[in-house]
Amino acid sequence: MEQKEFIQARVGILTISDTRNLETDKSGQLLVAALEAAGHVVTERLVVKDDDFLINTGIAKLKSQSDCVISNGGTGIAVRDVTFEALWDQVEQEIPGFGELFRMLSYEEIGTRSMLSRAFAGFTHDNVLLFVVPGSTNACNLAINKLIIPELPHFLAERRK
């Protein structure tokens, strides 16, 4: 089996929550710890409320300094959950397998509730890799350790060809 080339990614973390802040954001902290343990650099971590304008302001700031942005929170179907709508417009090229695999693995853990997740990934119009995942620590742990970290260097290498 061919060994993958390691590419260190610069990653921004955007937590979308009406109730969390930097100190209480356990999911954002988990993402930072996992990325740094894997040899990547976290450029910045922001927490914004579930609001279109604030989400777009946060993502713009993080994209300007990152190869990849991971958002967590607001991906459900509650009336207040606007993350999908706010961030979907950023995507130029979707990576459909990410959302499909995320929901499949979630199904193994939480059953049919996994279909409520609107997790997705893709490359933005300005070539930044974007992952959008639920805000629970279990969901973030699954996404970062089973899907994102194993393929992050490969995603970036493919896009640089």
Please turn the phi angles of segment 60-73 into ³J(HN,Hα) values with the Karplus equation 6.51 cos²θ - 1.76 cosθ + 1.60 (θ = phi - 60°), one per residue in order, whole Hz, x for glycine and proline.
4, 4, 5, 4, 5, 10, 9, 7, 8, 10, 10, 9, 9, x
In what sequence, highest mean first, do 107-114, 144-151, 90-97, 131-138 appear when ranked by Cβ atoms within 10 angstrom?
131-138, 144-151, 90-97, 107-114
Obtain the nm distance between the two label points defined at ARG159 and GLU85 by a simple spin-label model: each point lies 7 Å from its Cα along the Cα-to-C-beta direction.
2.6 nm
Using amide H atoms built 1.01 Å from N in the peptide plane, name the residues 5+ places from ASN72, or on other chains, whose amide H lies under 5 Å from its own.
LEU14, THR15, ILE16, VAL133
Note to self, the chain gives a 222 nm [θ] from helices alone (DSSP H runs n ≥ 4, -39500 (n - 2.57) apiece, / all residues, nearest 500) of -11500 deg cm²/dmol
Under the 0.36 nm per residue contour assumption, what length would be gained going from the current alpha-carbon distance of LYS146 and GLN93 to full extension?
16.9 nm
With the alpha-carbon atoms as the only input, what is the per residue convex hull volume for segment 35-77 in Å³?
81 Å³
Nearest 5 percent is fine: what portion of the DSSP beta bridges confined to the chain is antiparallel?
30 percent
Which shape class applies to the chain: rounded if a/c is under 1.5, otherwise prolate when a/b exceeds b/c and oblate if not, where a ≥ b ≥ c are the square roots of the Cα gyration tensor eigenvalues?
rounded
Taking the Cα-to-Cβ direction at LYS49 and at ASN138 and moving 7 Å from each Cα, how far apart do the two end points lie in nm?
2.9 nm
If R0 is 30 Å, what FRET efficiency do you get for ASP126 and LEU22 from their C-beta distance, rounded to 0.05?
0.70
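Rule-based calculations on the coordinates, nothing more; no lab input. Being a predicted model, the structure only gives us computed values, none of them experimental. Neighbour counts are summed over all protein chains in view; Cβ atoms, including those assigned to glycine, are modelled from backbone coordinates with ideal geometry.
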